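Comments concern the structure below.
The values are calculated or read from the model by the stated rules, or taken from the named source; none is laboratory data. The structure presented is a predicted model; accordingly, all values stated were derived computationally and were not measured. Every residue, glycine among them, receives a Cβ derived from its backbone with ideal geometry; neighbour counts consider all protein chains shown. Just so you know, the surface numbers come from the protein's heavy atoms only, side chains and all, with ligands and any DNA or RNA stripped out. Shrake-Rupley method; radii C 1.70, N 1.55, O 1.52, S 1.80 Å.
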Amino acid sequence: MQWLQDGLRHSPEILIFLSLAIGYWIGQIHLGKFQLGGVAGSLLVAVLLSLLGVPIDNGVKSILSALFIYAVGFESGPQFFKSLGRSSIREIILAAFMALSGLVTVLVMAKLFQLDKGLAAGLAAGGLTQSAIIGTAGDALSRLGLAPAELQKLQSNVAIGYAVTYIFGSLGAIIVCVNVLPRFMGREIRDDALKAEAARLKGALVLGPGESVAMPEIVGRLYRIGTAAAGTTLAALEVAHPGITVERLKRGGKLIDAAPSTALAAGDIVLVVGRRDAVVHAAAALGDELESEPGMELVMDTLDVVVRNPEFIGKPLTELARANDTLRHGIYVLAVHRLGEPVALNGQTVLQAGDVVTGYGADSDLRRVAARVGGVMAASNKTDWVFHGFGLVLGLLIGLLVLRVGGIPLTLGAGGGALLSGLLFGWLRTRHQSVGNMPTAAVQLLKDLGLAGFVAAVGLQSGLQAIDTIRSSGLSLFMIGVVVTLVPLILSMLFGRYVLRYDNAAVFAGALSGARSANPAFGGVLDKAGNSVPTVPFAITYALANVFLTLLGPLVVAFA
């Protein structure tokens, strides 16, 4: 056993990844409708592995937490700034109510069980999973003018209370936000997330990886020209049937130039590309459809173009198409994105500066249009770590700032700083598309690895001390911590549902987990939602919770 411990002390990262592997495996098990989830599973496995007594450096936990929070902020930045205003008042009130109910619960339990100020503060820090309370409480204790031995005892009790209650503080938040809240509302997080996303996108269709529609909007067909279309120029044909273009023309077994002035002859074979309804409408006038024809193959492509030319800003797509015959030829708009969100596409869609237009057509046509409309947004599977490296540095520097109010130190901490920086840099990315690329898969990896690795590190760090304390002092402090964890969450859930009128489970779960500063719970909510709907309410309440909950340290010391 000793050789195993010695080996793991040299490579403690083995335990983190072992916690993830076993934890996610356990998390997949269904007990009726209940599923623990990979994050909670990783936490429990890490607590068991902490019995090996292998220390985990605090820096590992800090890095993983910063990566998770920054990625969440970056993903939700555009929607966050767009949603700020009167609509965010609910989140502000919910975060304040959570902090107040947490304070009252801690004070009541401290009174009932005659806990000293140190244990009460540790109870608040662990049960509410706000580590900053340890610092503010310790600072407040040092100002009481106590004897050095008494001060040392109380400050040690802060750490003990924190260690015993923090594990369930994380696990309990996951259970309430991911499992209890949906049952309480009678709604599934995933269903409400899809509903909210559909309302936000106003009918715009968003396909997931590997998905495609059964009837594509743009189609290509081969026709042998009949006598009805013979003598018609290609330009006249395209005017008579808006929404189609002739991309290739074969006559007498040879490809010829498909110029606008070229007149069709009976027996010609044409490759027609266009919107499905337009091609179907034009089919009868063209002739017989062919299954294939050698030499008529054509590779089509898609290209994202950023709108910069003032000529196209503030005008509907239909007007632009009518006024630019040469521009529209062979080009079909598949989607328009604004601030990272798809815009419902129709003829009256008005372009704005910075919009990203996804065009479909032959490469030569796409490049011709891109040069006139704006700039090409090159697709890349690489992350711009110049941009995001500075983003993380800025966030961590913000987390170092301390504002003292009445002698109480207030700070967002590394998590709050990384969140604010992620929100800002996510918004900047939508305004300047040439920098800050981070593929969706990379964002997901940072969120998954950052969160699960963070909770595994927490379990490995605190689990052994918590178990030893419970062995020596019994389960009483642990059970008090369970009450401190669950009561504010349940009260806030009731308050949010019946007073603040939250009616969407995905939005409410995101707001509730943020109000408790519960990253693991939020990770479980995101996993259930399957999209980014919970991120905006989480971002608002999480930023506030870092301030409100931090204030509880000196308040508990003052009143316990």
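So, in the range 243-261, exactly how many residues are surrounded by 14 or more Cβ atoms within 10 Å (Cβ to Cβ) and more than 52 Å from the chain's Cα centre (by Cα)?
Of the residues in that region, 1 qualify.
Take ASP139 and tell me if it is more than 25 Å from the chain's Cα centre (by Cα), open to solvent by 30 Å² or more (accessible area, probe 1.4 Å), touching a residue at least 12 places away in the same chain (Cβ under 8 Å) and under 21 Å from VAL402 (Cβ atoms). Break it down stepwise before answering.
Values: more than 25 Å from the chain's Cα centre (by Cα): yes; open to solvent by 30 Å² or more (accessible area, probe 1.4 Å): yes; touching a residue at least 12 places away in the same chain (Cβ under 8 Å): yes; under 21 Å from VAL402 (Cβ atoms): yes.
For ASP139, the condition - more than 25 Å from the chain's Cα centre (by Cα), open to solvent by 30 Å² or more (accessible area, probe 1.4 Å), touching a residue at least 12 places away in the same chain (Cβ under 8 Å) and under 21 Å from VAL402 (Cβ atoms) - is met.
Listed residues LEU146, LEU151, LEU100, LEU107; which is within 29 Å of LEU512 (Cβ to Cβ) and either open to solvent by 80 Å² or more (accessible area, probe 1.4 Å) or modelled with pLDDT under 85 (or both)? Before you say what the answer is, go through the steps one by one.
Numbers: LEU146 fails: within 29 Å of LEU512 (Cβ to Cβ); LEU151 fails: within 29 Å of LEU512 (Cβ to Cβ); LEU107 fails: either open to solvent by 80 Å² or more (accessible area, probe 1.4 Å) or modelled with pLDDT under 85 (or both).
On inspection, the qualifying residue turns out to be LEU100.
Output the number of residues of the range 112-129 satisfying the condition of being in contact (Cβ under 8 Å) with a residue 24 or more places away in the chain, open to solvent by 10 Å² or more (accessible area, probe 1.4 Å) and part of a helix (DSSP H, G or I).
2
Of the residues ALA132, ALA95, ALA71, which single one is under 27 Å from LEU446 (Cα atoms), in contact with a Leu (Cβ under 9 Å, 6 or more places away or on another chain) and open to solvent by 10 Å² or more (accessible area, probe 1.4 Å)? First the steps, then the outcome.
Working: ALA95 fails: open to solvent by 10 Å² or more (accessible area, probe 1.4 Å); ALA71 fails: open to solvent by 10 Å² or more (accessible area, probe 1.4 Å).
Only one candidate passes the filter, namely ALA132.
Yes/no per residue for (1) basic (Lys, Arg); (2) at pLDDT 85 or above; (3) surrounded by fewer than 15 Cβ atoms within 10 Å (Cβ to Cβ); (4) not in a helix (DSSP H, G or I):
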residue	(1), (2), (3), (4)
ALA266	no, yes, yes, yes
ASP277	no, yes, yes, no
VAL280	no, yes, yes, no
ALA284	no, yes, yes, no
PRO294	no, yes, yes, yes
VAL333	no, no, no, yes
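Please go through the range 528-560 and give me each residue that is small (Gly, Ala, Ser), more than 20 Å from LEU154 (Cβ to Cβ) and outside any helix (DSSP H, G or I), ordered by number.
GLY530, SER532
If only one of THR358, THR383 is open to solvent by 20 Å² or more (accessible area, probe 1.4 Å) and in contact with a His (Cβ under 8 Å, 6 or more places away or on another chain), which one is it? Walk me through it before giving the result.
Numbers: THR383 fails: in contact with a His (Cβ under 8 Å, 6 or more places away or on another chain).
Of THR358, THR383, the one residue that is open to solvent by 20 Å² or more (accessible area, probe 1.4 Å) and in contact with a His (Cβ under 8 Å, 6 or more places away or on another chain) is THR358.
Collect the residues in the range 7-32 that are part of a helix (DSSP H, G or I), over 26 Å from the mean Cα position of the chain (by Cα) and crowded, with 16+ Cβ neighbours inside 10 Å, keeping them in residue-number order.
Once the filter is applied, which keeps residues that are part of a helix (DSSP H, G or I), over 26 Å from the mean Cα position of the chain (by Cα) and crowded, with 16+ Cβ neighbours inside 10 Å, the range 7-32 yields LEU8, LEU15.
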